[in-house]
Amino acid sequence: MSQNSFGRLFRFTTWGESHGLAIGCTVDGVPPRIPLGEPDIQQWLDKRRPGQSRHTTQRREQDQVKILSGVFDGMTTGTPISLFIENTDQRSRDYGEIKNKYRPAHADITYDQKYGIRDYRGGGRSSARETAMRVAAGGVARKVLGKHIVIRAALVQVGQSKVDRDRWDWGEVDKNPFFCPDANKVAEWESLMDKTRKDGSSLGAIIEVVACGVPAGWGEPIYGKLDAELAASMMSINAVKAVEIGAGMEAACLRGEENADEMRLGNDGQVIFLSNHAGGVLGGISSGQDIIVRFAVKPTSSIRIPRRTITSDGDEVEVSTKGRHDPCVGIRAVPVGEAMMACVLADQMLRHKAQCE
């Protein structure tokens, strides 16, 4: 089974390759009579679109989405929604010199080992180009969730340079090319990225995704845990190597009394948590607090610095990758993380309503 689909009740299937004619996805399970138009999706694709600053790939794709089905008179019909984006700025010739060489840290060798054939142009299906359709599906998911649930993400670390959380300002995220919440870090990251690009290398990054307004009760206690599905969704993003919820790995450094999110009752009788080490999920079920997920993206594997590798014929060689690549793919992973959060929450909302409402 090829596993190109994600979700249960809210389910999307993506198709297409980096240098193919187009990419697309089909979103199924969307309830009828939800207002939906191309601008509702395009606003999120514009955040991910390449070529918007010198710190991302200079491939010039407009990523204009078209809705081919599932919407009539501006409303969802309850039938599958088909979304389509044309590829317009491929340069397949950039990959001619490495078509038989396996890039270290890339999926080149594993695709060949699994299928016995691979599309070497931009990595084919393994390219981060595929994530544009996740963002498109996420735009649909946000409409399913409604306006009361707000999903935001920010870049919190580039290489070894971290934001100062005391300076966190969500208002800064859309004002700089890094989606950085700490205005004081932008100039430092610009210098760091310029040097890295000049060196022909790349950097990793950490992204934090926060969902506010999620009610208590979403998720299943055993195999459909909300945090487990969030972790799986983020790990499915290209180049992601680690995911944590709430305090994450740091929870192992805390004592029990420190890690416990104590509770009190508010004036309205609602539960108030005094901390959020759990990241908004207890026993696999949402607690009503903000849901907080972080994921780490490895350095882009396509770099100009020669690295030792082998060819598909078994020769030992060096490889250096030309072309247009993100020196830090984590920058454009910010809207992708938001989209995957939205898709998981939309799926969990529909499943919760089916069982408990």
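The values are calculated or read from the model by the stated rules, or taken from the named source; none is laboratory data. Because the structure is a prediction, the values reported are computed rather than measured. Every residue, glycine among them, receives a Cβ derived from its backbone with ideal geometry; neighbour counts consider all protein chains shown. Please note that ligands, DNA and RNA were not included when accessible areas were found on the heavy atoms of the full protein model with its side chains. Shrake-Rupley method; radii C 1.70, N 1.55, O 1.52, S 1.80 Å.
Numbers below:
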read-out	value
Simple label model, 7 Å out from Cα along Cβ direction - Asp112 to Glu97, nm	1.8
Net charge, Gly224 excluded, C-beta distance under 13 Å - Lys, Arg +1, Asp, Glu -1	-1
Fully extended contour minus Cα-Cα distance, from Ala242 to Lys147, at 0.36 nm per residue	31.2 nm
Apportionment of accessible area to carbon and sulfur, the chain, percent (1.4 Å)	51
Residue-averaged 222 nm ellipticity for the chain, from DSSP H runs of 4+ at -39500 (n - 2.57), nearest 500	-7500 deg cm²/dmol
Amide H contacts of Ile310 (H built 1.01 Å from N, under 5 Å, at least 5 apart or other chain)	Tyr102, Val317
Relative packing of 343-356, 189-202, 260-273, which averages over residues the other C-beta atoms within 10 Å, highest first	343-356, 189-202, 260-273
Segment 195-340: projected area of the alpha-carbon convex hull, averaged over directions, in nm²	12.8
Residue-normalised accessible area of segment 118-161, given per residue in Å² at a 1.4 Å probe	33
Cα-projected label distance for Ile272 with Ala260, points at 7 Å along beta-carbon direction, nm	1.9
Cα shape, segment 1-43, gyration tensor, a/c 1.5 rule	oblate
Matching label, P(r) over Cα pairs in 20 Å bins from 0, in percent computed from the structure shown, candidates (1) 28, 52, 19, 1; (2) 28, 57, 14, 0; (3) 29, 59, 11, 0	(2)
Check: segment 148-294 dipole with +1 on Lys, Arg Cβ and -1 on Asp, Glu Cβ, in debye	420
Listed residue pairs exceeding 31 Å between alpha carbons, taken from Lys66/Lys195; Lys66/Lys175; Lys162/Lys322	Lys66/Lys195
The chain - charge dipole about Cα centre, Lys and Arg +1 at Cβ, Asp and Glu -1, debye rounded to 20	960
Within segment 286-302: backbone nitrogen closer than 19 Å to the Lys195 label point (7 Å, Cα to C-beta)	299-300
